[in-house]
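Worksheet: one structure, shown below.
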Amino acid sequence: MIQANLQAKIDADVLDAFFTNVGEGAMVINRLRKIITMNPSASQITGWKQRDLTSIGCNVFQCRNASGEKTCDEVCLAQRCIQTPQQIGPMYLRLTRSDGTPVSVEATFFPLHAADSRSGICLLLLKDITVLEHFDASVRQLNQELAEKNIVLRGLSDQMSVAWRAAMIDLRAGAEGLRARFSKELGESGLRSIERMVNATQKLETTFAQLKSQIQATLQPRRKPTA
């Protein structure tokens with residue numbers, strides 16, 4: 001948004017008011033890595049104040065990428081933006097605040113006065129994404145806990161399947177053995193009881209197989225919705 005207003009050549013007073021009140025952190029950095037100015041949102045994100053700019057450069061942020069690697073050891077991102085001159089980002093950066101605590105931001109570098117890199121400056125826009133990062137970490141932790149519970153549930157399902165199937169086989173085999181050996185002694189009433197036992201074991205085995213299928217279906221990983 002700020003870049004669009006700059007390109008549109010808005011009146012300097014209006015642009016200054018916009019720069020001061022915009023919700024995104026914004027700061028202007030020159031080719032010597034000197035921070036010329038920053039708005040209140042940038043001060044809130046970084047912890048540095050406008051009065052501190054006389055004694056610091058952008059190297060105080062100790063920028064690191066998502067892998068934890070320093071991004072400005074060889075070539076400063078602001079300097080690269082000025083020299084190319086090309087927009088860099090949006091990208092993830094972890095900055096060090098004035099009190100030494102880290103803050104995660106979405107950073108975008110815009111070249112300004114790019115016709116002459118010797119006098120060029122760049123505009124750095126910052127969005128504080130710490131809350132989103134914490135939310136993402138919470139989601140990851142919940143997913144891990146759910147995966148662990150699924151493993152336990154799957155193991156329980158398999159153990160119950162083996163135990164129940166073995167028990168049903170033993171019951172059915174015992175009932176059929178009684179029917180084969182003692183059919184005369186049992187009589188019609190006894191045979192009907194044995195038949196009910198055999199049918200009951202078959203129904204239980206079928207019911208448990210259905211229950212196992214339902215459990216396994218809930219343990220299947222859900223597909224991510226297509227964009």
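With respect to the numbered conditions (1) within 30 Å of the chain's Cα centre (by Cα); (2) of a type in the set (D, E, K, R); (3) surrounded by 15 or more Cβ atoms within 10 Å (Cβ to Cβ), which one is the sole condition not fulfilled by LYS34?
Going through the list (1) within 30 Å of the chain's Cα centre (by Cα); (2) of a type in the set (D, E, K, R); (3) surrounded by 15 or more Cβ atoms within 10 Å (Cβ to Cβ), LYS34 breaks only (1).
Cβ-Cβ below 7 Å, separation at least six or inter-chain, first residue in the range 46-59 and part of a loop (DSSP other than H, G, I, E, B), second at pLDDT 85 or above and not β-branched (Val, Ile, Thr): which pairs?
GLY47/ARG97; GLY47/SER98; GLY47/ASP99; TRP48/SER98; LYS49/SER43; ILE56/TRP48
Kindly provide the set of residues from the range 176-192 that are surrounded by 13 or more Cβ atoms within 10 Å (Cβ to Cβ), outside any loop (DSSP other than H, G, I, E, B) and of a type outside the set (Asp, Glu), ordered by number. It would help to see each step written out before you state the result.
Just the residues of the range 176-192 that are surrounded by 13 or more Cβ atoms within 10 Å (Cβ to Cβ), to begin with: 176, 178-179, 182-183, 186, 190-191.
The next check asks that each one be outside any loop (DSSP other than H, G, I, E, B); those that pass are 176, 178-179, 183, 186, 190-191.
Selection gives LEU178, ARG179, SER183, LEU186, GLY190, LEU191.
Each row is one residue, and each column tells you yes or no for (1) surrounded by 15 or more Cβ atoms within 10 Å (Cβ to Cβ); (2) on the phi < 0 side of the Ramachandran plot; (3) out of contact with any Gly (no Cβ under 8 Å at 6 or more places or on another chain).
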{"position": "PHE61", "(1), (2), (3)": "yes, yes, yes"}
{"position": "ALA66", "(1), (2), (3)": "no, yes, yes"}
{"position": "ASP73", "(1), (2), (3)": "no, yes, yes"}
{"position": "CYS76", "(1), (2), (3)": "yes, yes, yes"}
{"position": "ILE82", "(1), (2), (3)": "yes, yes, no"}
{"position": "PRO85", "(1), (2), (3)": "yes, yes, no"}
{"position": "LEU95", "(1), (2), (3)": "yes, yes, yes"}
{"position": "GLU106", "(1), (2), (3)": "yes, yes, no"}
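The values are calculated or read from the model by the stated rules, or taken from the named source; none is laboratory data. Just so it is clear, the model here is predicted, and its values are computed rather than measured. Backbone-built Cβ (ideal geometry, glycine too); neighbour counts: all protein chains shown.
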